[in-house]
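Okay, structure first, notes after.
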Amino acid sequence: MRVLGVDPGLTRCGLGVVDGGGAGRRATLVEVGVARTPAADDVAIRLRDISVEIEAWLDRHQPQAVAVERVFSQANVRTVMGTAQVGAVAIVLAARRGLPVALYTPSEVKAAVTGSGRAEKAQVTFMISRLLDLDTPPRPADAADALALALCHIWRGPALARVRAAVAGGGAQA
């Protein structure tokens with residue numbers, strides 16, 4: 001399974017593509033990067049530029065799913081708004097292509113890649129480097145977070161899909 005991970009941000013949007021076969025199987029890095037926009041630009045222009053970048057990644061890598069960080073409450077409303085807007089852009093772009101989209105909280109992602117939902121950013125970056133057998137850690141942290149999202153989905157996505165299918169189907173029939 002090929003997954004595009006998106007760590008949404010208006011100034012830095014982490015993007016990472018990973019190939020993997022599920023839990024217990026080795027995953028491989030396809031590409032990692034960051035879409036950047038100048039803080040001085042109008043928000044509409046910034047969202048447009050990020051959407052163009054995500055669209056290019058979708059075209060180039062043809063992922064089978066997209067994993068996006070779920071926006072969580074922060075004290076800084078401006079930061080939350082920008083993050084939510086970029087996350088929505090990624091979701092819409094994936095939906096237009098018929099791609100499944102999964103949303104994960106930061107603690108879910110941290111738990112998936114480090115074993116602890118309270119891991120520090122440095123721990124996440126270290127584990128991503130180990131799990132993907134990278135010579136150098138992905139920088140900035142947004143890039144590592146995007147890879148962590150993709151890995152989280154590769155490992156947890158199939159189980160979540162089975163649960164959703166069971167719920168949608170009314171559960172097991174006797």
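Going by the structure shown, is residue 40 at pLDDT 95 or above and farther than 24 Å from residue 137 by Cβ?
For residue 40, the condition - at pLDDT 95 or above and farther than 24 Å from residue 137 by Cβ - is met.
Report whether or not residue 156 is within 14 Å of residue 112 (Cβ to Cβ), of a type in the set (Lys, Arg) and either in contact (Cβ under 8 Å) with a residue 24 or more places away in the chain or open to solvent by 10 Å² or more (accessible area, probe 1.4 Å) (or both).
Values: within 14 Å of residue 112 (Cβ to Cβ): yes; of a type in the set (Lys, Arg): yes; either in contact (Cβ under 8 Å) with a residue 24 or more places away in the chain or open to solvent by 10 Å² or more (accessible area, probe 1.4 Å) (or both): yes.
Yes, satisfied.
The values are calculated or read from the model by the stated rules, or taken from the named source; none is laboratory data. Since we're looking at a predicted model, the values are computed, not measured. Neighbour counts run over all protein chains shown; Cβ positions are idealised from the backbone, glycine included. Note: accessible area is taken over every heavy atom of the protein model, side chains too, but ligands, DNA and RNA are not part of it. Shrake-Rupley method; radii C 1.70, N 1.55, O 1.52, S 1.80 Å.
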